[in-house]
1. Considering only region 81-96, state which residues are more than 20 Å from the chain's Cα centre (by Cα) and touching a residue at least 24 places away in the same chain (Cβ under 8 Å).
2. Which of (1) touching a Gly at 6+ places or on another chain (Cβ under 6 Å); (2) of a type in the set (V, I, T); (3) at pLDDT 80 or above does T139 not meet, given it meets every other one?
3. Looking at K133, K92, K111 in this structure, which one is at pLDDT 80 or above, surrounded by 10 or more Cβ atoms within 10 Å (Cβ to Cβ) and closer than 18 Å to I4 by Cβ?
4. Going by what's in this entry, would D61 be described as at pLDDT 80 or above, over 21 Å from C81 (Cα atoms) and exposed (fewer than 10 other Cβ atoms within 10 Å of the Cβ)?
Amino acid sequence: MKDIKQEVQSKMKILIEKTENDDKLIHMLKTEIKRMEGAKGLKSQLSGGSQPLSQNSVAQDLSEFTKIKGENSRLKNQIKCLEIELEQKNEKVKHLLTSCVGAPDEDVEEKELRIAELEDRCEQLEKENFHIKQEMTQTAKHGFGRGATEQTPQLRSKDESDKIINELSKQNAILRRKLDDALEKLGKK
(Lines give C-alpha, C1' and ligand atoms only; values in the text may rest on other atoms or scores of the structure.)
Protein backbone atom coordinates (compact mmCIF):
# COMPACT_ATOMS: atom_id res chain seq x y z
CA MET A 1 0.00 0.00 0.00
CA LYS A 2 2.89 2.31 0.83
CA ASP A 3 4.41 1.51 -2.55
CA ILE A 4 1.22 2.60 -4.31
CA LYS A 5 1.06 5.78 -2.26
CA GLN A 6 4.71 6.57 -2.98
CA GLU A 7 4.20 5.84 -6.67
CA VAL A 8 1.19 8.19 -6.81
CA GLN A 9 3.14 10.89 -4.98
CA SER A 10 6.11 10.54 -7.33
CA LYS A 11 3.80 10.75 -10.37
CA MET A 12 2.18 13.85 -8.90
CA LYS A 13 5.61 15.45 -8.36
CA ILE A 14 6.56 14.69 -11.96
CA LEU A 15 3.30 16.16 -13.25
CA ILE A 16 3.76 19.28 -11.12
CA GLU A 17 7.34 19.69 -12.37
CA LYS A 18 6.17 19.29 -15.97
CA THR A 19 3.42 21.82 -15.32
CA GLU A 20 5.95 24.31 -13.95
CA ASN A 21 8.21 23.71 -16.96
CA ASP A 22 5.27 24.26 -19.30
CA ASP A 23 4.44 27.52 -17.50
CA LYS A 24 8.04 28.70 -17.93
CA LEU A 25 8.03 27.74 -21.62
CA ILE A 26 4.74 29.53 -22.23
CA HIS A 27 6.10 32.64 -20.50
CA MET A 28 9.29 32.50 -22.61
CA LEU A 29 7.28 32.12 -25.82
CA LYS A 30 5.03 35.06 -24.93
CA THR A 31 8.11 37.16 -24.17
CA GLU A 32 9.62 36.18 -27.53
CA ILE A 33 6.41 37.14 -29.33
CA LYS A 34 6.40 40.54 -27.62
CA ARG A 35 10.07 41.03 -28.48
CA MET A 36 9.44 40.13 -32.12
CA GLU A 37 6.44 42.44 -32.32
CA GLY A 38 8.52 45.21 -30.73
CA ALA A 39 11.34 44.56 -33.21
CA LYS A 40 8.85 44.67 -36.07
CA GLY A 41 7.48 47.99 -34.81
CA LEU A 42 10.99 49.41 -34.36
CA LYS A 43 12.01 48.31 -37.84
CA SER A 44 8.95 49.93 -39.37
CA GLN A 45 9.75 53.15 -37.49
CA LEU A 46 13.35 53.08 -38.72
CA SER A 47 12.38 52.40 -42.30
CA GLY A 48 9.61 54.99 -42.12
CA GLY A 49 12.13 57.80 -41.60
CA SER A 50 13.23 60.47 -44.05
CA GLN A 51 15.07 58.06 -46.33
CA PRO A 52 13.27 57.17 -49.53
CA LEU A 53 12.30 53.51 -49.77
CA SER A 54 13.77 51.57 -52.61
CA GLN A 55 12.01 48.62 -54.18
CA ASN A 56 14.77 46.36 -52.97
CA SER A 57 14.32 47.40 -49.33
CA VAL A 58 10.52 47.09 -49.63
CA ALA A 59 10.83 43.57 -51.03
CA GLN A 60 13.30 42.71 -48.29
CA ASP A 61 11.00 44.18 -45.63
CA LEU A 62 8.07 42.25 -47.11
CA SER A 63 9.96 38.95 -47.01
CA GLU A 64 11.15 39.75 -43.46
CA PHE A 65 7.58 40.60 -42.50
CA THR A 66 6.32 37.32 -43.98
CA LYS A 67 8.96 35.35 -42.05
CA ILE A 68 8.15 37.14 -38.81
CA LYS A 69 4.43 36.67 -39.36
CA GLY A 70 4.92 32.94 -40.00
CA GLU A 71 7.12 32.62 -36.92
CA ASN A 72 4.54 34.54 -34.90
CA SER A 73 1.74 32.20 -36.05
CA ARG A 74 3.84 29.15 -35.28
CA LEU A 75 4.63 30.44 -31.79
CA LYS A 76 0.96 31.27 -31.14
CA ASN A 77 -0.03 27.73 -32.17
CA GLN A 78 2.68 26.30 -29.95
CA ILE A 79 1.42 28.40 -27.03
CA LYS A 80 -2.16 27.17 -27.58
CA CYS A 81 -0.96 23.55 -27.67
CA LEU A 82 1.05 24.02 -24.49
CA GLU A 83 -1.89 25.71 -22.75
CA ILE A 84 -4.14 22.77 -23.67
CA GLU A 85 -1.49 20.31 -22.48
CA LEU A 86 -1.11 22.27 -19.24
CA GLU A 87 -4.87 22.19 -18.68
CA GLN A 88 -4.93 18.41 -19.24
CA LYS A 89 -2.08 17.92 -16.78
CA ASN A 90 -3.85 20.07 -14.20
CA GLU A 91 -6.96 17.91 -14.62
CA LYS A 92 -4.84 14.77 -14.13
CA VAL A 93 -3.34 16.23 -10.94
CA LYS A 94 -6.81 17.09 -9.62
CA HIS A 95 -8.04 13.60 -10.49
CA LEU A 96 -5.08 11.98 -8.74
CA LEU A 97 -5.58 14.14 -5.68
CA THR A 98 -9.27 13.32 -5.39
CA SER A 99 -9.24 9.65 -6.34
CA CYS A 100 -5.90 8.29 -5.18
CA VAL A 101 -4.84 10.17 -2.06
CA GLY A 102 -7.71 9.13 0.24
CA ALA A 103 -8.97 6.10 -1.64
CA PRO A 104 -6.23 3.55 -0.83
CA ASP A 105 -6.88 3.83 2.92
CA GLU A 106 -10.59 3.15 2.39
CA ASP A 107 -9.80 0.20 0.13
CA VAL A 108 -7.48 -1.27 2.76
CA GLU A 109 -10.15 -0.98 5.44
CA GLU A 110 -12.74 -2.65 3.20
CA LYS A 111 -10.34 -5.45 2.31
CA GLU A 112 -9.40 -6.01 5.97
CA LEU A 113 -13.09 -6.25 6.90
CA ARG A 114 -13.70 -8.69 4.05
CA ILE A 115 -10.71 -10.80 5.14
CA ALA A 116 -12.03 -10.92 8.72
CA GLU A 117 -15.48 -11.98 7.44
CA LEU A 118 -13.94 -14.71 5.29
CA GLU A 119 -11.81 -15.98 8.17
CA ASP A 120 -14.92 -16.19 10.38
CA ARG A 121 -16.81 -18.02 7.65
CA CYS A 122 -13.87 -20.40 7.13
CA GLU A 123 -13.75 -21.17 10.85
CA GLN A 124 -17.51 -21.81 10.89
CA LEU A 125 -17.26 -24.17 7.89
CA GLU A 126 -14.36 -26.05 9.50
CA LYS A 127 -16.46 -26.58 12.64
CA GLU A 128 -19.41 -27.83 10.56
CA ASN A 129 -17.09 -30.14 8.62
CA PHE A 130 -15.68 -31.53 11.88
CA HIS A 131 -19.19 -32.19 13.24
CA ILE A 132 -20.28 -33.90 10.02
CA LYS A 133 -17.20 -36.13 10.07
CA GLN A 134 -17.93 -37.05 13.69
CA GLU A 135 -21.53 -37.91 12.81
CA MET A 136 -20.38 -40.03 9.87
CA THR A 137 -17.87 -41.93 11.99
CA GLN A 138 -20.51 -42.48 14.66
CA THR A 139 -22.95 -43.71 12.02
CA ALA A 140 -20.31 -46.04 10.62
CA LYS A 141 -19.46 -47.36 14.12
CA HIS A 142 -23.08 -47.95 15.10
CA GLY A 143 -24.11 -49.43 11.78
CA PHE A 144 -26.88 -48.27 9.54
CA GLY A 145 -29.76 -49.82 11.44
CA ARG A 146 -28.71 -48.91 14.95
CA GLY A 147 -28.10 -45.23 14.29
CA ALA A 148 -31.61 -44.77 12.99
CA THR A 149 -33.07 -44.63 16.49
CA GLU A 150 -30.95 -41.62 17.40
CA GLN A 151 -32.30 -38.27 16.39
CA THR A 152 -30.03 -36.30 14.08
CA PRO A 153 -30.12 -32.55 14.23
CA GLN A 154 -32.21 -30.97 11.51
CA LEU A 155 -29.76 -28.11 11.05
CA ARG A 156 -28.02 -29.58 7.99
CA SER A 157 -28.21 -27.71 4.77
CA LYS A 158 -29.17 -29.37 1.51
CA ASP A 159 -25.52 -29.53 0.38
CA GLU A 160 -24.50 -31.22 3.61
CA SER A 161 -27.35 -33.69 3.29
CA ASP A 162 -26.35 -34.41 -0.30
CA LYS A 163 -22.77 -35.05 0.79
CA ILE A 164 -23.91 -37.45 3.49
CA ILE A 165 -26.24 -39.23 1.05
CA ASN A 166 -23.43 -39.59 -1.50
CA GLU A 167 -21.08 -40.97 1.14
CA LEU A 168 -23.71 -43.43 2.35
CA SER A 169 -24.47 -44.46 -1.24
CA LYS A 170 -20.78 -45.21 -1.80
CA GLN A 171 -20.61 -47.28 1.39
CA ASN A 172 -23.79 -49.11 0.36
CA ALA A 173 -22.31 -49.92 -3.07
CA ILE A 174 -19.14 -51.25 -1.40
CA LEU A 175 -21.21 -53.47 0.90
CA ARG A 176 -23.24 -54.80 -2.06
CA ARG A 177 -20.04 -55.68 -3.93
CA LYS A 178 -18.74 -57.51 -0.86
CA LEU A 179 -22.06 -59.34 -0.53
CA ASP A 180 -22.00 -60.32 -4.23
CA ASP A 181 -18.39 -61.54 -3.87
CA ALA A 182 -19.31 -63.56 -0.79
CA LEU A 183 -22.34 -65.11 -2.56
CA GLU A 184 -20.17 -66.05 -5.54
CA LYS A 185 -17.63 -67.71 -3.26
CA LEU A 186 -20.40 -69.65 -1.52
CA GLY A 187 -21.91 -70.68 -4.86
CA LYS A 188 -18.55 -72.00 -6.17
CA LYS A 189 -17.85 -74.18 -3.12
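1. Result: L82, E83, E85, L86, N90.
2. All conditions pass for T139, except number (3).
3. Only one candidate passes the filter, namely K92.
4. In short, no.
The values are calculated or read from the model by the stated rules, or taken from the named source; none is laboratory data. All values reported here derive from a predicted model rather than from experimental measurement. Because the Cβ atoms are built from the backbone with ideal geometry, glycine has one as well, and the counts that use them run over all protein chains shown.
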